[in-house]
Amino acid sequence: MNKADLTLEDLKGVGAGAFFRPSHAEALGISFYMLQRMVEQGLVDKVARGLYRLNAVEPTENYSLAAVCALVPRAIVCLLSALRYHDIGTRLSSEIWIAIPHKARAPRIHEFPVKVVRFSGASENYGIVSVAIEGVPARITSPARTVVDCFRFRRLVGKETALEALRETLREGKVSADEIVRAAEVCGAKALVVPYLEGMAS
């Protein structure tokens, strides 16, 4: 491959996106030396240790989110970052919120502000959907699951954030009450969520 011809589609073909690792470049026949030359030529940016970005791809508002997903491939985007991705509510955060398994080692990321929470049991798998953020494969909590998590982690995100998310998703038809109840049941949060659902229905 001509290194100047590296495209987003090439990177998607090896499981990467706008952000990629040296191993992805190697899979396309680009050696580490060639990769450094691409950085010098302005074709690629080095954004973190072991992480690069294709300059030909226009950055989006999800730039930092995509970078963190590339750095921590098994992480789950959740809570405030998931709310923003799904366009739920008004709460914004400068941090990227991710979840990792209960016993997993927390990632060390110095280039981006990251907030790490822990998921365990059924909550590691239920309501997790696959998406692509700037071409980067990522996992994120679904809208219903995100609402439930806001109640589960209300001490971190605030009760008002959880209530706003619940009201808005129902009002705009993004999820049904049944979907929220099911997510709450699986994640052991039914007692936290259902009273507010019943209050809104009355």
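Some points to look at:
- Taking a point 7 Å out from the Cα of T7 in the direction of its Cβ, the residues of the stretch 43-66 whose backbone N falls within less than 17 Å of it are 54-58.
- With every protein chain in place, the chain: carbon and sulfur % of accessible area (1.4 Å): 49
- In the complete set of protein chains, residue-level accessible area for V47 is approximately 30 Å², probe 1.4 angstrom.
- Size of charge dipole - the chain - debye, nearest 20, with Cβ of Lys, Arg +1 and Asp, Glu -1, no other charges: 820
- Remark on I133: its backbone amide H falls under 5 Å from those of A138, a criterion applied only to residues 5 or more positions apart or on other chains, H modelled at 1.01 Å from N.
- The stretch 117-165, relative contact order in percent, only Cα pairs under 8 angstrom and at least six apart counted: 23
- Entry note, the chain: the mean residue ellipticity at 222 nm calculated from DSSP H runs of n ≥ 4, each adding -39500 (n - 2.57), is -11500 deg cm²/dmol after division by the residues and rounding to the nearest 500.
- Expected-Rg normalisation [2.2 N^0.38 Å, Cα atoms] applied to the stretch 1-132: 1.14
- Applying Stokes-Einstein at 10 °C and 1.306 mPa s to the Kirkwood radius of the stretch 74-140, computed over alpha-carbon pairs, gives a translational diffusion coefficient of 126 µm² s⁻¹.
- Size check on the stretch 89-202: the Cα extents along the three principal axes, sorted descending, read 47, 29, 28 Å.
- Nearby lysines by direct alpha-carbon distance to K190 (threshold 17 angstrom, same-chain neighbours under 8 apart not counted): K159
- Ranking P107, G42, N125 by Cα position along the charge dipole of the chain, where only Lys, Arg, Asp and Glu carry charges on their C-beta atoms, puts P107 farthest toward the positive end.
- Accessible area of the chain divided out per residue, in Å², using a probe of 1.4 angstrom: 51
The values are calculated or read from the model by the stated rules, or taken from the named source; none is laboratory data. For clarity, every value in this text was computed on a predicted model and none was experimentally measured. Cβ: placed from backbone, ideal geometry, glycine included. Neighbour counts: every protein chain shown. Accessible surface is based on the protein model in full, side chains and every heavy atom, while ligands, DNA and RNA are left aside. Shrake-Rupley method; radii C 1.70, N 1.55, O 1.52, S 1.80 Å.
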